[in-house]
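Trainee: Would you mind keeping the following structure in view while I ask a few things?
The values are calculated or read from the model by the stated rules, or taken from the named source; none is laboratory data. Predicted model only: the values in this text are computed from it and were never measured. All Cβ positions, even for glycine, are placed from backbone atoms using ideal geometry, and neighbour counts span all protein chains on display.
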There are 2 protein chains.
Amino acid sequence: MRYFEQHIRRVTPYTPGEQPKEAKIIKLNTNENPYPPAPGVRKVLQELDADLLRRYPDPAGEPLLSAIAEEMHLKKEEVFVGVGSDDVLAMLFLTFFNGDRPILFPDITYSFYDVWAEMLRIPYETKPLDSNLLIKKEDYFCENGGIVIANPNAPTGTALDLPVLQEIIERNRETIVIVDEAYIDFGGESVVPWIREYDNLIVTQTFSKSRSLAGMRVGMAFACETLIRYLNDVKYSFNSYTMNTTAIVAGTAAVSDRAYFEETRRKIIGTRAWTADKLRDLGFVFADSVTNFLFVTHPVIDCEALYTALREKQIYVRHFSKPERIVPYLRISIGTPEEMQTLLDAIKEYMEERGAL
Amino acid sequence: MRYFEQHIRRVTPYTPGEQPKEAKIIKLNTNENPYPPAPGVRKVLQELDADLLRRYPDPAGEPLLSAIAEEMHLKKEEVFVGVGSDDVLAMLFLTFFNGDRPILFPDITYSFYDVWAEMLRIPYETKPLDSNLLIKKEDYFCENGGIVIANPNAPTGTALDLPVLQEIIERNRETIVIVDEAYIDFGGESVVPWIREYDNLIVTQTFSKSRSLAGMRVGMAFACETLIRYLNDVKYSFNSYTMNTTAIVAGTAAVSDRAYFEETRRKIIGTRAWTADKLRDLGFVFADSVTNFLFVTHPVIDCEALYTALREKQIYVRHFSKPERIVPYLRISIGTPEEMQTLLDAIKEYMEERGAL
């Protein structure tokens with residue numbers, strides 16, 4: 001084996017949800033927003049002076065950075081933008097998790113955390129959720145090299161009580177605590193204001209879900225100025241210009257339309273409540289979700305087989321083959337009412353065929 | 001000092017060229033293309049269905065990946081796309097330079113190489129260019145952990161003779177050799193076809209210069225299928241979706257318009273020849289450039305002072321304060337003939353005022 005073959009970083013990458021191209025598919029597998037982005041997004045892209053594209057974009061992502069800071073009532077020195085929250089989280093792991101102590105996160109959570117840790121050779125330990133798929137706070141009171149908590153959690157869809165989250169942060173003032181709020185806009189309460197109180201807290205959010213901009217790749221981190229400065233130093237040591245001109249203008253247009261944002265997230269929350277009622281009528285079991293998806297299981301029917309059957313009917317939901325504890329579950333993104341009706345009809349038909357109704 | 005403060009990755013980031021916003025400025029400091037992107041770029045952005053942006057983009061960057069492969073007469077498994085060639089190079093360093101032996105690159109070259117090495121804690125050694133600012137091939141015949149050569153080199157603007165480059169690759173079949181061809185389209189000869197012969201060769205290129213798309217952030221790497229697979233594994237362990245929808249469609253439009261590409265690069269090469277003649281008439285000294293910039297010095301006038309004087313006249317060129325050997329030089333991007341005339345007039349005036357003409 002040659003020298004270079006011995007020193008390749010060998011990794012097992014994250015497997016994203018399928019991205020089928022057929023237009024007719026009902027796609028409820030990657031937690032995308034069923035509504036288009038704010039009307040201003042289309043307008044700024046249509047009106048963009050293409051001549052500008054010959055120039056490098058603003059390295060800090062201005063004016064998007066300032067627009068986000070204003071919306072969040074923060075200084076722009078407390079904000080970082082990246083190519084989706086995956087890029088932001090990868091940069092955070094690279095910047096802050098360089099010690100020998102293991103970082104901690106739940107066994108059932110966003111399945112990219114262990115991928116980043118493995119890729120960057122960061123020691124880590126997973127802490128099992130309890131039988132209700134909730135965090136046991138005591139698990140995070142031990143010595144550690146950092147903590148990552150998705151709140152609300154994915155794929156479970158539930159949020160921690162804020163006093164519990166606060167106690168975890170309070171007990172870990174020696175290490176960085178990342179709170180990943182990718183789904184916060186669908187009913188959770190953000191801890192972004194806490195960055196003024198805790199100089200070891202970093203909160204991440206994304207435009208991919210509540211802002212309908214998964215295709216533009218815009219994510220962000222919020223933390224005290226010192227941590228954002230270290231993060232920016234690493235970012236500028238990786239790629240001077242991560243946010244392209246179109247992402248900057250589209251993101252700025254999206255963040256400036258608060259009325260549209262409120263309207264679409266309200267619609268999704270409403271569709272979620274309606275869908276949850278119907279799924280419970282069919283015997284599905286699940287905790288109340290504060291996200292744009294439901295994480296469901298059923299005492300009688302095999303959810304993995306249901307996943308395959310739905311797929312054959314052109315309805316894509318998400319099934320995870322690991323960790324083993326969640327094999328009996330499906331993660332179903334909230335689409336339009338019409339899409340959810342089609343899904344419910346298909347599930348009902350499937351159950352009737354099997355005498356399960 | 002708290003645990004997390006001790007384990008922050010502390011780095012000195014790369015300093016990109018200034019990006020002044022004033023429209024009147026003549027901007028010859030970051031090697032941007034003076035001509036707009038191909039007309040098809042404007043068209044695809046105007047016609048883009050904004051509703052699509054709620055969906056994640058294709059994780060591999062299709063159809064851009066296939067368009068590049070076709071243009072380069074390669075299989076798409078031999079091509080990788082990223083967020084500008086900086087993102088691509090950072091991923092390459094992360095993927096392939098994980099040994100204890102130092103990687104090698106010239107002392108005067110793209111000033112991001114040492115930044116990536118420092119950031120990723122990769123041992124490195126710089127090899128001094130000779131007094132003509134050319135690579136001494138023997139410097140690269142020693143044991144090493146990898147080699148990075150910008151060809152043509154920046155900021156010197158000259159290319160290696162291909163047999164010399166080939167000898168360097170031949171002598172280093174044990175390690176990865178990266179050839180950074182950011183400026184190849186302005187007169188150099190690409191070694192991309194060599195990836196079929198050398199399974200340790202990786203070539204990078206960018207849309208930022210010859211495709212007028214610095215603002216869209218599109219870069220690429222070419223290598224044998226095996227190396228591209230390892231690179232993709234790391235990329236998918238960092239961020240599933242790096243290329244946003246607009247970069248994919250704009251890049252595809254740019255790469256498909258070969259006539260426009262040929263026309264604009266021919267114009268820039270012509271303007272370069274004309275500008276070079278005029279600068280030599282003014283006493284400037286420099287090697288022939290095969291890039292979209294000239295790297296010039298002058299036996300009498302102080303180029304750093306000239307840089308400052310030009311800046312006061314709203315003409316931005318690039319001056320490097322390190323390494324010390326290049327302090328007497330200016331790097332001047334090739335703009336439109338009108339911009340170059342304005343520059344030449346300003347230099348002439350500056351020299352006349354000082355009795356240097």
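Trainee: Do we find a residue being touching a residue at least 40 places away in the same chain (Cβ under 8 Å) and under 21 Å from B:K24 (Cα atoms) anywhere in the range B:279-292?
Mentor: No, because not a single residue in the range B:279-292 is touching a residue at least 40 places away in the same chain (Cβ under 8 Å) and under 21 Å from B:K24 (Cα atoms).
Trainee: For A:N200, all conditions in the list (1) more than 23 Å from A:I147 (Cα to Cα); (2) within 14 Å of chain B (Cβ to nearest Cβ) hold save one; what is the number of the exception?
Mentor: (1)
Trainee: Please work out if A:P57 is more than 8 Å from chain B (Cβ to nearest Cβ), touching a residue at least 40 places away in the same chain (Cβ under 8 Å) and either outside any loop (DSSP other than H, G, I, E, B) or not aliphatic (A, V, I, L, M) (or both).
Mentor: No, not satisfied.
Trainee: Scan the range B:170-189 for residues that are out of contact with any strand residue (DSSP E or B) (no Cβ under 7 Å at 6 or more places or on another chain) and farther than 11 Å from B:A150 by Cα and report the count.
Mentor: 9
Trainee: Does A:E125 satisfy the criteria of being in a helix (DSSP H, G or I) and either modelled with pLDDT under 95 or surrounded by fewer than 21 Cβ atoms within 10 Å (Cβ to Cβ) (or both)?
Mentor: Spelling it out, it is not the case that A:E125 is in a helix (DSSP H, G or I) and either modelled with pLDDT under 95 or surrounded by fewer than 21 Cβ atoms within 10 Å (Cβ to Cβ) (or both).
Trainee: Working only within the range A:1-14, note down all residues that are without any contact (Cβ under 8 Å) to a residue 40 or more places away in the chain and either at the interface with chain B (Cβ under 8 Å from one of its Cβ atoms) or not in a helix (DSSP H, G or I) (or both).
Mentor: Within the range A:1-14, A:M1, A:R2, A:Y3, A:F4, A:Q6, A:H7, A:I8, A:R10 meet the criteria.
Trainee: Does B:Y140 satisfy being farther than 30 Å from B:K267 by Cα, touching a strand residue (DSSP E or B) at 6+ places or on another chain (Cβ under 9 Å) and hydroxyl-bearing (S, T, Y)?
Mentor: Yes; evaluated as a whole, the condition is true for this residue.
Trainee: Restrict the check to the range B:106-113 and report whether at least one residue is more than 7 Å from chain A (Cβ to nearest Cβ), of a type in the set (F, W, Y) and assigned to a helix (DSSP H, G or I).
Mentor: yes
Trainee: Could I ask something else about it? All but one of (1) more than 18 Å from the chain's Cα centre (by Cα); (2) touching a residue at least 24 places away in the same chain (Cβ under 8 Å) hold for B:K21, so report the exception by its number.
Mentor: Checking B:K21 against (1) more than 18 Å from the chain's Cα centre (by Cα); (2) touching a residue at least 24 places away in the same chain (Cβ under 8 Å), the one that fails is (2).
Trainee: Scanning for something crowded, with 19+ Cβ neighbours inside 10 Å and at the interface with another protein chain (Cβ under 10 Å from one of its Cβ atoms), does the range A:64-80 turn up at least one residue?
Mentor: Looking for residues that are crowded, with 19+ Cβ neighbours inside 10 Å and at the interface with another protein chain (Cβ under 10 Å from one of its Cβ atoms), one finds none in the range A:64-80, hence no.
Trainee: When residues of the range B:15-34 are filtered for being more than 7 Å from chain A (Cβ to nearest Cβ) and modelled with pLDDT of 95 or more, how many remain?
Mentor: Within the range B:15-34, residues that are more than 7 Å from chain A (Cβ to nearest Cβ) and modelled with pLDDT of 95 or more number 6.
Trainee: Continuing with this model, one more query. Within the bounds of the range B:86-95, is there any residue that is part of a helix (DSSP H, G or I), facing chain A (nearest Cβ under 9 Å), among the aliphatic types (A, V, I, L, M) and without any contact (Cβ under 8 Å) to a residue 40 or more places away in the chain?
Mentor: yes
Trainee: While we're on this one: Condition check: crowded, with 24+ Cβ neighbours inside 10 Å, more than 10 Å from chain A (Cβ to nearest Cβ), in contact with a Leu (Cβ under 9 Å, 6 or more places away or on another chain) and of a type outside the set (G, A, S). Does B:M220 satisfy that?
Mentor: Yes: the conditions hold for B:M220.
Trainee: Here's something else I'd like to know. Which residues, taken from the range A:318-355, are over 18 Å from A:N153 (Cα atoms), surrounded by 15 or more Cβ atoms within 10 Å (Cβ to Cβ) and in contact (Cβ under 8 Å) with a residue 40 or more places away in the chain?
Mentor: Residues satisfying the conditions are A:G335, A:E339, A:M340, A:T342, A:L343, A:L344, A:I347, A:K348, A:Y350, A:M351.
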